[in-house]
Ligand SMILES: [Mn+2]
């Protein structure tokens, strides 16, 4: 039996001002081609199906067409919710979809949902764990101590009857870490991962009974603790820190309890690149390539360039963001903020800052507005 493992589709996501729907359609079509070429039997989608709890219309149309295509190919689909999804909205049509072999588990109702699929004379058990927080699980197991995510998942698994003689596959959307090593973030996972502490971490050894664990949540593709516990990663680069990621789809071949994993590379319609240098150098014809890519530019020019975004976008229309690395930016970085204000009065500081940024003197009217804001914020006293 062959499985295609996906996660963190984030349908409907935007990059700066750019809509990614056509890129997402392109990559889902590529995944459908992989499903065909490899004669995959099932597709696993491990949460963060949508980017937002209330997805855009275009995003729902895209998921609709993807699931329909899989059903037409008679491929089974297993899908769980992630922290970006609305549980109830993703659960829409659950019972109805099962008649077309699309199995959704987006709302946790106290037990781990299981689907049994026969694979020749053997059977494969698919367990679907939607994204859960401790508070949601505690509610169903009042007699247990559930203080964190790990407790929550452990209690759920302890209450699940798992036949270790069969092949068991789990879908989960959580922050799972290896022994002493946290997975490396892609950067676009969202608020939940930024605040990640020990409280949200789940040790990978909790999943020892499973032959394959299809994880979602972390956007950089990687294994956790062992080969068979794995984040598929998002199919596209969703943040600058993923610029060097090689996006791929894990293709899992199950033969009884034997698990073989192949990573099939994904090629985006528009890649994401980080370019760096002098604006004039960057725009020399010999340095310009793949002009449709999403560009993050770091400019090293010392002089101020008017409408630098406009200039760069004439060559690279999909420039997402520009920052500077020059003596001015270094000066700002090196300044010890706490020392700047020492022994200076408010008016002096603001006038100097204003002049530095705008190149002209601040007007009295503008200064009055600044004073008012500062008083409200409690930065200066009424008398100042
Ligand atoms: Mn995600």
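The values are calculated or read from the model by the stated rules, or taken from the named source; none is laboratory data. Because the structure is a prediction, the values reported are computed rather than measured. Please note: Cβ atoms are built from the backbone with ideal geometry, for glycine as well, and neighbour counts cover all protein chains shown.
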- For residue 260, state whether it is part of a strand (DSSP E or B) and either surrounded by 15 or more Cβ atoms within 10 Å (Cβ to Cβ) or free of Cβ contacts under 8 Å to residues at least 12 places away in the same chain (or both). yes
Would you be able to say whether some residue in region 47-64 is buried (at least 23 other Cβ atoms within 10 Å of the Cβ) and more than 14 Å from the ligand (Cβ to nearest atom)? no
Go through the residues of region 123-135 one by one and say whether even a single one is at pLDDT below 95, away from the ligand (no atom under 16 Å from the Cβ) and in contact with a helix residue (DSSP H, G or I) (Cβ under 9 Å, 6 or more places away or on another chain).
yes
Reported set for region 336-384 where residues are modelled with pLDDT of 80 or more and over 43 Å from the mean Cα position of the chain (by Cα) is 344, 345, 347, 348, 361, 363, 364, 365, 368
Residue hits (region 80-98; buried (at least 17 other Cβ atoms within 10 Å of the Cβ) and within 16 Å of the ligand (Cβ to nearest atom)) are 80, 81, 82, 83, 84, 85, 87, 90
Has region 21-42 got any residue that is closer than 30 Å to residue 295 by Cβ, assigned to a loop (DSSP other than H, G, I, E, B) and touching a residue at least 24 places away in the same chain (Cβ under 8 Å)?
no
If we keep only residues of region 1-17 that are assigned to a loop (DSSP other than H, G, I, E, B) and more than 16 Å from the ligand (Cβ to nearest atom), then the residue surrounded by the most Cβ atoms within 10 Å (Cβ to Cβ) is 1
Checked 260, 269 against criteria (touching a helix residue (DSSP H, G or I) at 6+ places or on another chain (Cβ under 6 Å) and under 30 Å from residue 32 (Cβ atoms)); the one match is 269
Would a scan of region 91-107 turn up a residue that is within 17 Å of residue 1 (Cβ to Cβ) and at pLDDT 95 or above?
yes
Counting only residues that are on the phi < 0 side of the Ramachandran plot, in a loop (DSSP other than H, G, I, E, B) and surrounded by fewer than 21 Cβ atoms within 10 Å (Cβ to Cβ), region 152-184 contains a total of 13
ask   = Out of all the residues in region 186-201, is one or more surrounded by 23 or more Cβ atoms within 10 Å (Cβ to Cβ), within 14 Å of the ligand (Cβ to nearest atom) and at pLDDT below 85?
value = yes
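Just the residues that are under 21 Å from residue 118 (Cα atoms) and either in contact (Cβ under 8 Å) with a residue 24 or more places away in the chain or touching a helix residue (DSSP H, G or I) at 6+ places or on another chain (Cβ under 6 Å) (or both), please, taken from region 43-79.
43, 44, 45, 70, 71, 73, 74, 75, 76, 77, 78, 79
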- Query: Do we have residue 149 as more than 15 Å from the ligand (Cβ to nearest atom), over 30 Å from residue 269 (Cα atoms) and crowded, with 17+ Cβ neighbours inside 10 Å here?
  - Reply: yes
If you go through 155, 116, the only one that is without any contact (Cβ under 8 Å) to a residue 40 or more places away in the chain and in contact with a helix residue (DSSP H, G or I) (Cβ under 7 Å, 6 or more places away or on another chain) is 155
When every residue in region 207-243 that is closer than 27 Å to residue 318 by Cα and part of a helix (DSSP H, G or I) is compared, the one farthest from the ligand (Cβ to nearest atom) is 240
Going through region 297-327 in order, the residues found to be touching a helix residue (DSSP H, G or I) at 6+ places or on another chain (Cβ under 9 Å) and in a helix (DSSP H, G or I) are 308, 311, 312, 315
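Could you please give the count of residues in region 227-254 that are over 19 Å from the mean Cα position of the chain (by Cα) and touching a residue at least 40 places away in the same chain (Cβ under 8 Å)?
Residues that pass the stated criteria total 4.
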Of the listed residues (40, 71), the one being under 19 Å from residue 7 (Cβ atoms) and in contact with a strand residue (DSSP E or B) (Cβ under 8 Å, 6 or more places away or on another chain) is 40
Query raised in the report: Of the residues that make up region 217-225, is at least one surrounded by fewer than 18 Cβ atoms within 10 Å (Cβ to Cβ), in the same structural domain as residue 25 (by TED's automatic domain parsing) and in contact with a strand residue (DSSP E or B) (Cβ under 9 Å, 6 or more places away or on another chain)?
Result: yes
